[in-house]
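**Student:** Below is the structure I would like to discuss, written out as structure tokens.
The values are calculated or read from the model by the stated rules, or taken from the named source; none is laboratory data. Here the structure is a predicted model, which means the values were calculated and not measured. Glycine also receives a Cβ, built like all others from the backbone with ideal geometry; neighbour counts cover every protein chain displayed.
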Amino acid sequence: MGRRALESLSETPGLDAQLLLVEVLERSRAWILAHTEVAMDGVQAQFFINLVSRCEGGEALPYVIGWWEFYGRRFRLTPDVLIPRPETEMIIEAGLKYLAKHTRCRVAADVGTGCGCVAVTLAAEVPDLYLTATDLTVEALRVAKSNAHEIGVISRVRFIQADLLSPLYGSFDLICANLPYIPTRTLPSLLVAQREPRLALDGGMDGLLIIRRLIMNLPIWLANNGRALLEIGDGQAEAAINAVQEIMPASEIMLRKDLSGKDRMLVIDRRE
């Protein structure tokens, strides 16, 4: 029943129905796949119907179930934060590679942390790493803190309400940022803009308004030989690279593509 109801709403209706059952039955997806004959009782059936109805009403599945997986961990979500995407795991992989090579670099920042998936994951993967995670909204920071508590890294991640890193002084060895990068004019035509917080999506006229502001201030916040990892939108690479070269002409810049072949991340190594 759930799969049929979701077929017109999702490219993966079977998977979506299974994830709803995970919530209803309080079992793992593997258990559900191994016990297809199990029937729901009346209360469970009504709960399942209610969840399906919320999906049919246009609510994004991760908000309906209240969580989403990122880098092998479950992160709690509310409509106050962006839903984590697989392409953002590129930031984690590049950050871990840098930290493994630079074992004395253990001070990092996650700018625009949202649900905290980047900061919390890095802290969980690198036990001696200390992070500062910022966001504009108290609501997002509340979600991020709850994830840090649940995953057990709250003692090494401080959460600050801030515009980028503006109230902070000193430098960071690693700065990660998945900031809004969708051009304002394209938002009305996108389903994501109807479901997820506009503040986390709207990147201004060309999508680079906030990213440029961060780049302009990297000389203040990024340590010499430090690395900045910035997620960008497709088609924004040239403009973003030009902005970095103007502010930090000696820096080394690499462009990484995602699995679909789209420009997705700038790797900026600061050099004096």
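**Student:** When residue 240 is evaluated against the numbered criteria (1) crowded, with 21+ Cβ neighbours inside 10 Å; (2) of a type outside the set (S, T, N, Q); (3) under 17 Å from residue 162 (Cα atoms), which criterion, by number, is the only one it fails?
**Tutor:** Exception for residue 240: condition (3).
**Student:** Continuing with the same structure: Looking only at segment 78-98, how many residues end up being of a type outside the set (D, E, K, R), within 16 Å of residue 124 (Cα to Cα) and more than 13 Å from the chain's Cα centre (by Cα)?
**Tutor:** 4
**Student:** Shifting gears a bit: For segment 257-272, name all the residues that are within 11 Å of residue 87 (Cα to Cα) and either touching a residue at least 24 places away in the same chain (Cβ under 8 Å) or in a strand (DSSP E or B) (or both).
**Tutor:** Matches in segment 257-272: 257, 258, 259, 262, 263, 264, 265.
**Student:** Take the conditions assigned by TED's automatic domain parsing to the domain that holds residue 193 and polar (S, T, N, Q) and apply them to residue 103. Does it pass?
**Tutor:** yes
**Student:** I'd like the residue in segment 203-220 that is buried (at least 18 other Cβ atoms within 10 Å of the Cβ) and outside any helix (DSSP H, G or I) and, out of all such residues, is nearest to the chain's Cα centre (by Cα).
**Tutor:** Top of the filtered list is 203.
**Student:** Also, I was wondering about something else. Name the pairs whose Cβ atoms lie under 7 Å apart, with the first residue in segment 111-125 and assigned by TED's automatic domain parsing to the domain that holds residue 228, the second among the acidic types (Asp, Glu) and at pLDDT 95 or above, and 6 or more positions between them or separate chains?
**Tutor:** 112/135; 113/135; 114/135; 118/110; 119/110
**Student:** So which residues in segment 131-146 are over 14 Å from the mean Cα position of the chain (by Cα) and within 17 Å of residue 229 (Cα to Cα)?
**Tutor:** 131, 132
**Student:** Could you list all residues from segment 159-190 that are aromatic (Phe, Trp, Tyr) and either farther than 20 Å from residue 216 by Cβ or without any contact (Cβ under 8 Å) to a residue 24 or more places away in the chain (or both)? Steps first, answer last, please.
**Tutor:** Taking segment 159-190 as the starting set, the residues that turn out to be aromatic (Phe, Trp, Tyr) are 159, 169, 172, 181.
Once the filter is applied, which keeps residues that are aromatic (Phe, Trp, Tyr) and either farther than 20 Å from residue 216 by Cβ or without any contact (Cβ under 8 Å) to a residue 24 or more places away in the chain (or both), segment 159-190 yields 159, 169.
**Student:** Scan segment 142-189 for residues that are part of a strand (DSSP E or B) and acidic (Asp, Glu) and jot them down. Can you show your working first?
**Tutor:** Initially, segment 142-189 is screened for residues part of a strand (DSSP E or B), giving 157-161, 172-177, 182.
Residue satisfying the conditions is 173 alone.
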